[in-house]
Amino acid sequence: MFGLTFEKLLLIGIIAVFLLGPEKLPHYAAQLGRLVRQLRDMANGAKDRMRDEMGPEFDDLDWKKLDPRQYDPRRIIREALSEDAPDKEQSAVVSRATPNPDGAYLQRKRAKENAALTPAAPAPFDTEAT
């Protein structure tokens with residue numbers, strides 16, 4: 001963990017004995033133990049909460065597939081720019097999008113058309129502007 005070997009931990013312990021002194025060392029060691037225990041409890045609590053919220057899918061999830069370190073941007077770009085014929089699976093996934101009749105763009109367009117047709121609409125500019 002963090003590249004700490006036994007020799008490095010021993011060296012850190014010796015330096016701590018000299019800096020803190022033998023009187024304060026047990027107190028600070030107990031505080032370090034409590035901190036590690038609290039961090040472990042927090043991590044376990046977060047894991048339990050995720051398991052409760054996700055349900056049984058949490059245990060079946062392959063966490064290695066979601067690791068961002070496995071993605072190579074060069075490979076992704078190379079595959080996207082390759083001129084090879086797409087697989088059958090990929091062509092089945094790609095489909096032409098159909099406009100939603102209740103989409104926000106179409107609603108705004110209809111509202112503008114309706115506003116242009118009403119003669120009582122105020123002018124679209126400020127009459128007092130210079």
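None of the figures in this text is laboratory data; all of them are computed from the coordinates on show. The shown structure was predicted, so the numbers you read here are calculated from the model rather than taken from an experiment. Backbone-built Cβ (ideal geometry, glycine too); neighbour counts: all protein chains shown.
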> How much length, in nm to one decimal, is gained on full extension between Leu10 and Glu79, taken as 0.36 nm per residue of separation minus their Cα-Cα distance?
Replying inline: 19.9 nm
> What GluC sites (Glu not before Pro) in the stretch 1-81 are in a loop by DSSP, with at most 16 other Cβ atoms within 10 Å of the Cβ?
Replying inline: none
> Once fully extended, how much extra length lies between Ala30 and Tyr105, figured as 0.36 nm per residue of separation less the alpha-carbon to alpha-carbon distance?
Replying inline: 20.8 nm
